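Okay, so here's the structure we're looking at.
The values are calculated or read from the model by the stated rules, or taken from the named source; none is laboratory data. Every value quoted in this text rests on a predicted model; they were computed, and no experiment measured them. Cβ atoms come from the backbone with ideal geometry, glycine included; neighbour counts cover every protein chain shown. Side chains are part of the model used for accessible areas, which takes the heavy atoms of the whole protein and leaves out ligands, DNA and RNA. Shrake-Rupley method; radii C 1.70, N 1.55, O 1.52, S 1.80 Å.
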Amino acid sequence: MTVFRDPIALQEALKGLQGSIALVPTMGALHLGHRTLMEQARQDNDIVVVSIFVNPTQFLEGEDLENYPRKEEADRRICELSGVDYLFYPDATVMYGHDEVHICAPDIRAYVLEGLLRPGHFDGVLTVVLKLFHIVMPDRAYFGKKDAQQLALIEQMLRNFFLQISIVAVDTVRENDGLALSSRNVYLSDAQRQEALKISSALNHAGKMIAQGVRNTEEIIQQMQQIMAPLEVEYIACVNRAFQYLEHIEMGNSIILVAARVGTTRLIDNVQL
Ligand code: AMP
């Protein structure tokens, strides 16, 4: 595995290589969720590039940019073990230098849920993802369904800019007890971790209600609220794949999303139906 900090040097290394190129963008503090993306990328492609960059432009004032877990050595080992060919590890000066142009997320999908609560977050995500796409020019890029709204916006950006990159969406990887893996889980105390399980329990409960034939989203959300009551719930929402709110679940076209704080840690999760 070769590590690059300089985008131009990485571009030079990739130039002229034969075979399909995969890109797995991450912010590091790698866990089994990230590893699943890398392993899928390894299976499908000849060359695997992983980027690790804690992107400052997607953090809002007062969020955890400074404290975001950074584990360079461990991450490097995990990438090596996952068969990664190139690890791209830039710093913010290289990525943003003298930027005057940036991407603005579209209003429909970006101004609800995460986009509403974290204004500007998706502008930062799309800007950095577009930069990474241009640096690596991958055939396929791997993203987790856990960040469902992010995924929808990236797919929209690809269509809008006619980028010929296939997006591979990977199912959310969970602990045995249901907690979705997240780099931010390290902030949780044992007691908070137990509390956090209410998020996946609520989503499971919604799944059961739907399996029993319930379609009314108000009824589903009400019961989820009861399960999640001890947490500071930011939203529970049922939307279609275009992120429009639904009164009734449409099978094959619905996502139930939640965001909640456990202590000061903000967690998101979802189930796709
Ligand atoms: P992050 O480092 O949190 O920015 O995540 C990098 C990529 O890994 C994103 O595409 C995430 O959606 C994905 N990811 C994060 N957590 C999980 C998980 N538990 N299961 C699957 N993918 C995940």
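Of note:
- Estimated [θ] at 222 nm from DSSP helical runs (n ≥ 4, -39500 (n - 2.57)) normalised by residues in the chain, nearest 500: -12000 deg cm²/dmol
- Cα shape, region 115-242, gyration tensor, a/c 1.5 rule: prolate
- As a rough guide to protection, the peptides 59-68, 176-185, 240-249 ranked by mean Cβ packing within 10 Å, highest first, stand as 176-185, 240-249, 59-68.
- Shown for region 1-99 is the translational diffusion coefficient from the Stokes-Einstein equation, using the Kirkwood radius over Cα pairs, a temperature of 37 °C and a viscosity of 0.692 mPa s: 230 µm²/s.
- Pairs of alpha carbons in region 183-272 whose separation is greater than 23 Å (percent): 22
- The calculated Kirkwood hydrodynamic radius for region 2-170 is 16.3 Å, given to one decimal from all distinct C-alpha pairs.
- Distance from region 156-171 to region 1-77 (C-alpha centre basis), Å: 18
- Normalised by the number of residues in the chain, the average gap of Cα pairs under 8 Å and 6 or more apart makes the relative contact order 17 percent.
- Gaussian network model of the chain, Cα within-10 Å springs - most flexible of 206, 92, 41: 92
- Entry note, region 175-232: relative contact order of 36 percent, from Cα contacts under 8 Å with a spacing of 6+ residues.
- Counting only protein heavy atoms and a 1.4 Å probe, region 1-58 has 42 square angstrom of accessible area per residue.
- For residue 167, the residues whose modelled amide H falls within less than 5 Å of its own, excluding neighbours fewer than 5 places apart on the same chain, are 141.
- Here's the list of aspartates and glutamates a cross-link from residue 131 could span, going by alpha-carbon distance under 20 Å and ignoring same-chain residues fewer than 8 apart: 6, 12, 85, 91, 99, 100, 123, 139, 147, 155.
- Of all accessible heavy-atom area on region 183-272, the percent that carbon and sulfur account for (1.4 Å): 46
- Per residue, the solvent-accessible area of region 120-273 (1.4 Å probe, heavy atoms of protein chains only, all protein chains present) comes to 45 Å².
- On the beta carbon distance between residue 94 and residue 61, with R0 = 22 Å, the FRET formula returns roughly 0.40.
- Mean separation of Cα contacts under 8 Å (6+ apart) over length of region 23-124, as relative contact order %: 33
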